[in-house]
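Taking it in order: structure first as structure tokens, then the write-up.
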Amino acid sequence: MKYLQDVYFANLSVTCNQGGYFSISPDRDWSLENDLFDQSKFYFITEGSCTITVEGKEYTGTRGDWFFIPAYKLHGYQNGKRNTFSKFWMHFSIYPNTQELTALGLPIKVKVKDDSPVYKLFEEFARLYASKDLTDKIRVKAIVLQLLAEYVSIANADGVEVVNSQDEKFDELLRYINENLGNSLTVG
């Protein structure tokens, strides 16, 4: 856990590449099959229903369902029986990478309560992302981090345990290096 806190999250950076609000009428389809994307995705369903498949597992999404699809996960989606459907969406890159986040065992889908700040954060994100103002682009980055924190928080509330088995070994290595800074260090 110390590595996650002191190294990974201390250096965490996100870049939002695309996003906004999407609504589709009953006479149109929203679908994609077997996509392998180099960015992570958030889909936050606000109306209607859809099916999202990630790595062969199918999930149904309705109002308040929030999906986190990590980069390089095979996935697809469809809005079902030509129903009215709307969502907030975001494609973003995480640096240094998404491996640590996926190692947390975060679920692909969480349920968001109606009184959650997530709704307002996504609304603000969509408004700011559409803006051409430079300061709004900085605010977008801040909201992406806030949304990422909210997702992890909601996932933890659902019983996800944040564990990193490498922390003990890494901490031991750091202690050894610090205790022997004046000596010649070798790998052995």
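The values are calculated or read from the model by the stated rules, or taken from the named source; none is laboratory data. Model, not experiment: these values are computed from the prediction. Cβ: placed from backbone, ideal geometry, glycine included. Neighbour counts: every protein chain shown. Side chains included, ligands, DNA and RNA excluded: accessible areas come from the protein's heavy atoms. Shrake-Rupley method; radii C 1.70, N 1.55, O 1.52, S 1.80 Å.
Being in contact with a helix residue (DSSP H, G or I) (Cβ under 8 Å, 6 or more places away or on another chain), part of a strand (DSSP E or B) and in contact (Cβ under 8 Å) with a residue 40 or more places away in the chain is a property that Phe67 lacks. Of all the numbered requirements in (1) exposed (fewer than 13 other Cβ atoms within 10 Å of the Cβ); (2) at pLDDT 95 or above, Lys109 misses one, and that requirement is (1).
Here is a check on your reading of the model: is Thr62 surrounded by fewer than 16 Cβ atoms within 10 Å (Cβ to Cβ) and modelled with pLDDT of 90 or more? Against the criterion (surrounded by fewer than 16 Cβ atoms within 10 Å (Cβ to Cβ) and modelled with pLDDT of 90 or more), Thr62 qualifies.
Do the conditions hold for Val187, that is, is it open to solvent by less than 40 Å² (accessible area, probe 1.4 Å), at pLDDT below 70, farther than 20 Å from Asn17 by Cα and assigned to a loop (DSSP other than H, G, I, E, B)? No: the conditions fail for Val187.
Criterion applied to Asn79, Asn11, Asn83, Asn97 was being over 16 Å from Tyr151 (Cβ atoms) and at pLDDT 80 or above, and the one residue passing it is Asn79. Once segment 17-54 is narrowed to residues that are surrounded by 15 or more Cβ atoms within 10 Å (Cβ to Cβ) and of a type in the set (A, V, I, L, M), the residue that is modelled with the lowest pLDDT is Ile24.
Of Ser49, Ser40, all but one fail to be more than 22 Å from Gly105 (Cβ to Cβ) and small (Gly, Ala, Ser); the exception is Ser49. The number of residues in segment 6-49 that are outside any strand (DSSP E or B) and either more than 20 Å from His75 (Cβ to Cβ) or in contact with a His (Cβ under 9 Å, 6 or more places away or on another chain) (or both) comes to 14.
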